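The values are calculated or read from the model by the stated rules, or taken from the named source; none is laboratory data. Because the structure is predicted, anything quoted here is derived from the model rather than measured. All Cβ positions, glycine included, derive from the backbone under ideal geometry; neighbour counts span all protein chains shown. Surface areas here come from the heavy atoms of the whole protein model, side chains and all, with no ligands, DNA or RNA. Shrake-Rupley method; radii C 1.70, N 1.55, O 1.52, S 1.80 Å.
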Amino acid sequence: MTTSAELTDGAHLVVDALTLNGVDTLYGLVGIPVTDLARLAQASGIRFIGFRHESSAGRAAAAAGFLTGRPGVSLTVSAPGFLNGLVALAEATTNCFPVVQISGSSERHIVDLKQGDYEELDQLAAARPFVKAAYRVSRAQDIGRGVARALRTAVSGRPGGVYLDIPAAVLGETLDAGRGAASLWRLVDPAPRQLPAPEAVDRAIELLAGAERPLVVLGKGAAYARADEVIREFVDTTGLPFLPMSMAKGLIPDDHPQSVAAARSLALKRADVVLLVGARLNWLLGHGEPPQWNPDAKFLQIDIEPTELDSNQPIAAPLVGDIGSVVGALVERMKPGQITVAEAWRRELAERTEQNTAKMAQRLAADPHPMQFYGALRAIRDVLRAHPHTYLVNEGANALDFARNVIDMQVPRHRLDSGTWGVMGVGMGYAIAAAVETGRPVVAVEGDSAFGFSGMELETICRYGLPVVVVILNNGGVYRGDGVNPASADPSPTTLSPMARHEKLIEAFGGRGYHVESPVELASALTEALESGRPALIDCHIDPTAGTESGHLTNLNPSVAVRPSGTGE
């Protein structure tokens, strides 16, 4: 598309370059200098989803990258808008989600001399520490190169966030249309297979074959890899017990007999040979250290990024390559019956699973009033079991920790949550992306505090008529709602508005609101909302005393003695 028979400009070239490379959706927020770029993208057939905050737009683009395996693309204005988006871009890099943030920026000659331009900021320098790569386009004739380079970098090797800076002058720069068209190109095989070394595969097989208490840990990288069939074949053929991390749930159905999710602590503490598949030994897995882990455990790790290996523990069998190729090589090279699991280890895990499952069943069967987290999540679990292809987004402290243990998943890549950083605020962006990219219903289970980080995106959900149902587990506080301030009449740091009626928010934007106070009411409302296919919010009143400080991460929160006001030494 050109502005005349002979000329084109930078904005048109951005749109043409994105279209040429299969980008069909932009997530963003308009303003100087990208408003016309968004209009042009929309007029050219790219769907533009406009948000109320750039962090939510960036998180939606990141979730789109995880769900599709193609880079999501977000669009922001300069300076503060860019910085808002950068938060999500940094999260995506940490989560290994492929995403490109395109931001307009101020005039380079003014910025570089610090003359005080409108929203002046050296955005390229600001982005570099937080992303996989950052690029700037300084000439319209380089836009095709910049877009191609950003998209390839985001999705190749270990995926991550890429920043692409395009100054306002470049968006408005004109050049010959033929020359502009010739400057664009389509990427070829941006994320090629990376095959493991045969000797590395054989080493891993020998270690697994000699294990007394083997374990497979599936991380969200395994879900992203879309190697579902070969992973399932490997697990079924070997009989190895497996532990899914939260966003890998459903890669193999949670009710699979070899799942040891209900015996997680025992599995980690006792396993002697551990195969990490798209999982990292970061804080989520206790860095592989005792007492959470067996001090004599040997770790085998599949990762496409060689520098990840040995980052926390010695890796006895490094397997560098893409997950599908590596697991396929394991299946191909192992001999029938070479890897087995001792009956004593199976029985030990099964007994602990049975014990913990029975304890969980008792918690879920209780029906106290006011409602507790377990009763609410039991109702949600039962409704989702009847709607197995619904996408689940989950964030909060207790809302996340309890839901991860209660709501089982049967389908891969249908659960999105707070991820590697454990951040709050991802909920609405992730939910919007899941609905836009898949067209399927989405249920976002939110703590009331976590919801507040992105709650205004309810308007976005309603504006686009997305099939998103938000369930707020509302106990009136950060962690819980019974905090006390002994010094004044101000609320405590963890106290939110008691008895807030969040359903009124979505009603203001034309969605359907529900307020429920029992599991029965919640199940009825959620079923109705899902079957309507329309935006809805269910405010679920939870006992203010329910929940624990910092959820399951209490050990990470330093305890400080607080003296009453007016005391001193």
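Brief remarks follow.
- Sorted largest first, the spans of the alpha carbon positions of region 310-459 along the three principal axes are 55, 37, 33 Å.
- In the full protein context, region 107-232 carries 47 Å² of accessible surface per residue, based on a 1.4 Å probe and ignoring ligands, DNA and RNA.
- Contour minus Cα-Cα distance for MET499 and GLU229 (0.36 nm per residue): 92.5 nm
- Taking the convex hull of the alpha carbon positions in region 234-333 and averaging its projected area over all directions gives 6.2 nm².
- Accessible surface, region 391-488, averaged per residue in Å² (probe 1.4 Å): 26 Å²
- Whole-angstrom Cα spans of region 204-291 along principal axes, big to small: 33, 28, 23
- Treating each Cα of region 456-499 as one equal point scatterer and applying the Debye formula with no solvent, the log10 of I(q)/I(0) at q = 0.14 Å⁻¹ comes out as -0.50.
- Quarter the surface of the alpha carbon convex hull of region 422-463 and you get the mean projected area, 3.0 square nanometres.
- Principal axis dimensions, the chain - Cα atoms, whole angstrom, descending: 76, 67, 61
- Computed over region 1-134, Cα set: Rg, Dmax in Å: 14.8, 45
- Length-normalised contact order for the chain - Cα pairs under 8 Å, 6+ apart - percent: 12 percent
- Gyration tensor analysis over the Cα atoms of region 88-158 returns equivalent ellipsoid semi-axes of 24, 16, 8 Å (largest first, whole Å).
- Cα-Cα over 23 Å, subset of LYS132/LYS249; LYS132/LYS220; LYS249/LYS359; LYS269/LYS298; LYS249/LYS504; LYS220/LYS298: LYS132/LYS249; LYS249/LYS504
- Given R0 = 35 Å, the distance between the Cβ atoms of ALA508 and GLU107 translates into a calculated FRET efficiency of 0.30.
- The Cα center of region 313-345 and the Cα center of region 352-380 differ in position by 36 Å.
- Assigned charges on the beta-carbon of Lys, Arg, Asp, Glu; region 245-393 dipole about Cα centre (debye): 440 debye
- Cubic angstrom per residue, convex hull over Cα atoms of region 388-544: 111 Å³
- Each Lys or Arg adds one and each Asp or Glu subtracts one; over the other residues with Cβ under 10 Å from the Cβ of GLY69, this totals +3.
- Counting only protein heavy atoms and a probe of 1.4 Å, the accessible surface of region 429-521 is 54% carbon and sulfur.
- Here is the P(r) of region 143-187: all C-alpha pair distances, binned every 10 Å from 0, give 24, 46, 24, 6 in whole percents.
- Under 5 Å, built H, 5+ apart or other chain: amide partners of LEU275: LEU215, VAL216, VAL217, LEU300
- Here region 490-569 is treated as a sphere whose radius is the Kirkwood value from Cα pairs; by Stokes-Einstein at 37 °C and 0.692 mPa s it diffuses with a coefficient of 205 µm²/s.
- Accessible surface of region 157-297 [probe 1.4 Å, protein heavy atoms]: carbon and sulfur percent: 52 percent
- Chymotrypsin sites (Phe, Trp or Tyr not before Pro) within region 358-426, DSSP loop, no more than 16 other Cβ atoms inside 10 Å: TRP421
- The chain, dipole about Cα centre (Lys/Arg Cβ +1, Asp/Glu Cβ -1), debye to the nearest 20: 640 debye
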